[in-house]
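Notes to accompany the following structure.
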């Protein structure tokens, strides 16, 4: 994943997303994550979880305090979008988000993750056909 091969602390992530440090802390809490301690880094999984939260909160209008129950309770962002929007997460990102919205750091993490999954599926499909 291109965007998360670099290590991010809370403050470096806040700078990258152009938000305050408190906003990053709040996102972590609302996403069900424990913010990393001072001078420690987010894991790849934590950044992906924050990306899922950001998309649900910003574009699907899931309330901050309802995210854990609504989205995570359904099994994650993919299942939530499939249930609520009746489309795949990839369709939602490609059809409904503008280029400017896709350029946001957390959305880009999600886009990269989706592209990586497609590449993995194509590789696995190609390997099983042989």
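Table for the structure above
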item: Candidates 24, 55, filtered to the one that is closer than 23 Å to residue 119 by Cβ, surrounded by 18 or more Cβ atoms within 10 Å (Cβ to Cβ) and either over 13 Å from the mean Cα position of the chain (by Cα) or modelled with pLDDT of 95 or more (or both); result: 55
item: Residue within the stretch 62-69 that is assigned to a helix (DSSP H, G or I), surrounded by 14 or more Cβ atoms within 10 Å (Cβ to Cβ) and in contact with a helix residue (DSSP H, G or I) (Cβ under 7 Å, 6 or more places away or on another chain) present; result: yes
item: Pick from the stretch 23-57, criterion in contact (Cβ under 8 Å) with a residue 40 or more places away in the chain and in a helix (DSSP H, G or I), ranking: nearest to residue 95 (Cα to Cα); result: 55
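The values are calculated or read from the model by the stated rules, or taken from the named source; none is laboratory data. Predicted, not measured: the structure shown is a model, and the values here were computed from it. When we count neighbours, we look across all protein chains shown, and the Cβ atoms used for this are built from the backbone with ideal geometry, even at glycine.
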